[in-house]
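Enquirer: A single structure is presented below for examination.
The values are calculated or read from the model by the stated rules, or taken from the named source; none is laboratory data. Not measured: the values here are computed from a predicted model. No Cβ is skipped: glycine too gets one built from the backbone with ideal geometry, and neighbour counts run over all protein chains shown. For the accessible areas, the whole protein counts, side chains as well, though only heavy atoms, and no ligand, DNA or RNA atoms are used. Shrake-Rupley method; radii C 1.70, N 1.55, O 1.52, S 1.80 Å.
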Amino acid sequence: MRFGVLCLVAFAVLPSLSRAQVPVFAISQEGSAIQFSVKASVPIEGKFDKWEASVTFPSTDVTTGVMDVKIQADSVNTGSGMKDGKLRGKDFFNAKDAPYITFHSDKIVETGPNTLDLPGTFTIRGVSKPETLTFTITGAKGTGEGTITGTMAFDRKEYGMNSGIPFIKIADRVEVTVHLKGKRVSGPPLVFKE
């Protein structure tokens, strides 16, 4: 009986010990932004006011990182009420029926001393396709604090955004910039290849 209790205590304690040995990062909304731009006869640029992002690591190896980004589609902000209304509608984000734009990656590929590729699944309007966010790291590695700026481009028509805006000619390519300010709040530093 005593041995069984000891085993239960060990199983309860060991997971918490192993969790303490992984880096834990917090993304700050302040100093971070998710923006987009589309070449058009009248420039279309904007940001999203409501979003969440997380980067988690099951080990100190940077390549094991998992990134999740969840954006509220109706929080689009171009500075123009007319453009925002059109982008929220069925022809573009379809925010009423597909309220979230998401990106999920469970792999990080080191492509240079300060660059990373995160291949993952991008979902908009309920359509999911593989896309890659390419990040540049700003800040000294190992300090546990800095920013990463990612870029991704996608063809809007591949996601069902085939319409235009009256009197405005819009390109098919949409460019997205994800600028995240993060800080390691616990655990050991990440290990990068040198």
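Enquirer: Please state which one of Gly79, Gly144, Gly120, Gly182 is on the phi > 0 side of the Ramachandran plot and in contact (Cβ under 8 Å) with a residue 40 or more places away in the chain.
Expert: After applying the criteria, what remains is Gly144.
Enquirer: Which number in (1) open to solvent by 40 Å² or more (accessible area, probe 1.4 Å); (2) touching a Ser or Thr at 6+ places or on another chain (Cβ under 8 Å); (3) at pLDDT 90 or above; (4) hydrophobic (A, V, I, L, M, F, W, C) marks the one condition that Val191 misses?
Expert: Failing condition for Val191: (3).
Enquirer: Ok, one more. Does Asp84 fit the bill of being open to solvent by less than 20 Å² (accessible area, probe 1.4 Å), touching a residue at least 12 places away in the same chain (Cβ under 8 Å) and part of a helix (DSSP H, G or I)?
Expert: Yes: the conditions hold for Asp84.
Enquirer: Go through the range 74-118 and give me each residue that's under 24 Å from Thr151 (Cβ atoms) and hydrophobic (A, V, I, L, M, F, W, C).
Expert: Once the filter is applied, which keeps residues that are under 24 Å from Thr151 (Cβ atoms) and hydrophobic (A, V, I, L, M, F, W, C), the range 74-118 yields Val76, Leu87, Phe92, Phe93, Ala95, Ala98, Ile101, Phe103, Ile108, Val109, Leu116, Leu118.
Enquirer: Which one of the conditions (1) more than 27 Å from Glu30 (Cβ to Cβ); (2) surrounded by 14 or more Cβ atoms within 10 Å (Cβ to Cβ); (3) over 15 Å from the mean Cα position of the chain (by Cα) does Asn114 fail to meet, given that it meets all the rest?
Expert: Among (1) more than 27 Å from Glu30 (Cβ to Cβ); (2) surrounded by 14 or more Cβ atoms within 10 Å (Cβ to Cβ); (3) over 15 Å from the mean Cα position of the chain (by Cα), the lone unmet condition for Asn114 is (1).
Enquirer: Out of all the residues in the range 60-77, which are farther than 17 Å from Ile124 by Cα, open to solvent by less than 30 Å² (accessible area, probe 1.4 Å) and either acidic (Asp, Glu) or not in a helix (DSSP H, G or I) (or both)?
Expert: Passing the criteria: only Gly65.
Enquirer: Still on this structure, please answer the following. Being out of contact with any Ser or Thr (no Cβ under 7 Å at 6 or more places or on another chain), closer than 14 Å to Arg184 by Cα and buried (at least 17 other Cβ atoms within 10 Å of the Cβ) is the filter here; which residues of the range 40-59 pass it?
Expert: Within the range 40-59, Val55 is the sole residue that qualifies.
Enquirer: Let me ask something else about it. Within the bounds of the range 27-37, is there any residue that is outside any strand (DSSP E or B), under 27 Å from Lys129 (Cβ atoms) and either open to solvent by 30 Å² or more (accessible area, probe 1.4 Å) or at pLDDT 90 or above (or both)?
Expert: For the range 27-37, residues outside any strand (DSSP E or B), under 27 Å from Lys129 (Cβ atoms) and either open to solvent by 30 Å² or more (accessible area, probe 1.4 Å) or at pLDDT 90 or above (or both): absent.
Enquirer: Ok, one more. Would a scan of the range 134-154 turn up a residue that is at pLDDT 95 or above, touching an Asp or Glu at 6+ places or on another chain (Cβ under 6 Å), open to solvent by less than 60 Å² (accessible area, probe 1.4 Å) and aliphatic (A, V, I, L, M)?
Expert: Yes, there is a match, as at least one residue in the range 134-154 is at pLDDT 95 or above, touching an Asp or Glu at 6+ places or on another chain (Cβ under 6 Å), open to solvent by less than 60 Å² (accessible area, probe 1.4 Å) and aliphatic (A, V, I, L, M).
Enquirer: Follow-up. Can you spot a residue in the range 95-108 that is surrounded by fewer than 17 Cβ atoms within 10 Å (Cβ to Cβ), over 21 Å from the mean Cα position of the chain (by Cα) and not basic (Lys, Arg)?
Expert: yes
Enquirer: Only one of these is touching a Ser or Thr at 6+ places or on another chain (Cβ under 9 Å) and free of Cβ contacts under 8 Å to residues at least 12 places away in the same chain: Ser37, Ser32, Ser128. Name it.
Expert: Of the residues listed, the single one that is touching a Ser or Thr at 6+ places or on another chain (Cβ under 9 Å) and free of Cβ contacts under 8 Å to residues at least 12 places away in the same chain is Ser128.
Enquirer: Mind checking which pairs have a first residue in the range 87-106 that is without any contact (Cβ under 8 Å) to a residue 12 or more places away in the chain and a second that is open to solvent by 50 Å² or more (accessible area, probe 1.4 Å) and charged (D, E, K, R), Cβ under 7 Å, 6 or more apart or different chains?
Expert: Pairs that qualify, where the first residue is without any contact (Cβ under 8 Å) to a residue 12 or more places away in the chain and the partner is open to solvent by 50 Å² or more (accessible area, probe 1.4 Å) and charged (D, E, K, R): there are none.
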